[in-house]
Amino acid sequence: MVFWCEIERKMFSRVLIFFGCVFVLSGCVYNDEPVPEIVYHSGSESKLVPPRTVIPEHREIAYKQIPRAWLPPSQLEHKWTAIVIHHSATTSGNAAIFDKMHKEERHWEGVGYDFVIGNGIDSGDGQIEVTFRWRGQIAGAHCGGTPNNWANEYAVGICLVGDFSHTVPTKRQMQSLLKLVSFLQKRYGISKNRIYGHKSTPGARVTDCPGKMFPMTRLKSMLSY
Ligand SMILES: [Zn+2]
């Protein structure tokens, strides 16, 4: 009997010690602040939501309205700062014809311009052809002589088929040019005072291009900035 009483007494004291410890410990952690609940996600990996890209309104409009071929590959896209306008000084032609001519006669990689706007003879009237230079975003070969070759490096070269020393561009050529120049202005932040005829490009070699009948003043009056 004494033996069992001794066991019960020991067990009773151990239970007392155990609850005493629980009481002390719970007192240590108790506070009024709500404890944040830890929720374990059932999925194995958390997913990161990429930030939403905000496209400025003018760029969004440009994206919707312009041909896909005008959009350069994003990984190659160059920072263009000016536009130089040329005429072909020929009555006809297209990007392929000028490409062959520039390779054979001038030993260039190919056509010197980024864009060629047809006059209805060898390509559509007002048709805009995109050349390998624009697709690859490489320097042009259309406006030599400028300091550090800046015009070929940083100016987009646009050629209208025709000889505007004697004639004027077609209405459709001008409409296409206006659309293309407006797109380039918006995309690269080029103001109209950075749009040149070849002969007016700072530092360019003396030339008549794009011809005395090319309506540069009228073109600029139709541009918004
Ligand atoms: Zn020129």
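I'd like the full set of residues that are surrounded by 20 or more Cβ atoms within 10 Å (Cβ to Cβ), touching a helix residue (DSSP H, G or I) at 6+ places or on another chain (Cβ under 6 Å) and assigned to a loop (DSSP other than H, G, I, E, B), limited to the range 76-106.
Result: W80, single match.
Where residues in the range 114-126 are of a type in the set (D, E, K, R) and surrounded by fewer than 22 Cβ atoms within 10 Å (Cβ to Cβ), which of them is farthest from the ligand (Cβ to nearest atom)?
Top of the filtered list is D125.
Are there any pairs, at least 6 apart or on different chains, whose C-beta atoms fall under 6 Å, with the first in the range 200-225 and outside any loop (DSSP other than H, G, I, E, B) and the second surrounded by 14 or more Cβ atoms within 10 Å (Cβ to Cβ), and if so, which?
M216/G197; K220/K192
How many residues, within the range 112-122, are assigned to a loop (DSSP other than H, G, I, E, B) and within 28 Å of the chain's Cα centre (by Cα)?
Pass one, the range 112-122, residues assigned to a loop (DSSP other than H, G, I, E, B): 112-114, 120-122.
This time we only want the ones that are within 28 Å of the chain's Cα centre (by Cα), so: 112-114.
Within the range 112-122, residues that are assigned to a loop (DSSP other than H, G, I, E, B) and within 28 Å of the chain's Cα centre (by Cα) number 3.
Would you check which residues across the range 138-178 are on the phi > 0 side of the Ramachandran plot and either in a helix (DSSP H, G or I) or crowded, with 16+ Cβ neighbours inside 10 Å (or both) and list them?
N148, N149, G162
Hey, does the range 188-201 have a residue that's within 16 Å of the ligand (Cβ to nearest atom), buried (at least 19 other Cβ atoms within 10 Å of the Cβ) and among the polar types (S, T, N, Q)?
yes
Test of understanding: among E109, E129, which residue is away from the ligand (no atom under 16 Å from the Cβ), modelled with pLDDT of 95 or more and assigned to a loop (DSSP other than H, G, I, E, B)? Spell out the reasoning first.
Numbers: E129 fails: assigned to a loop (DSSP other than H, G, I, E, B).
The conditions single out E109.
Scan the range 158-180 and give yes if some residue there is more than 16 Å from the ligand (Cβ to nearest atom) and of a type in the set (F, W, Y), otherwise no.
There is no residue in the range 158-180 that is more than 16 Å from the ligand (Cβ to nearest atom) and of a type in the set (F, W, Y).
Considering A155, A204, which residue is closer than 21 Å to P72 by Cβ and within 16 Å of the ligand (Cβ to nearest atom)?
A155
The values are calculated or read from the model by the stated rules, or taken from the named source; none is laboratory data. All values derive from a computational prediction rather than experimental measurement. Note that we place each Cβ from the backbone using ideal geometry, even for glycine, and neighbour counts take in every protein chain shown.
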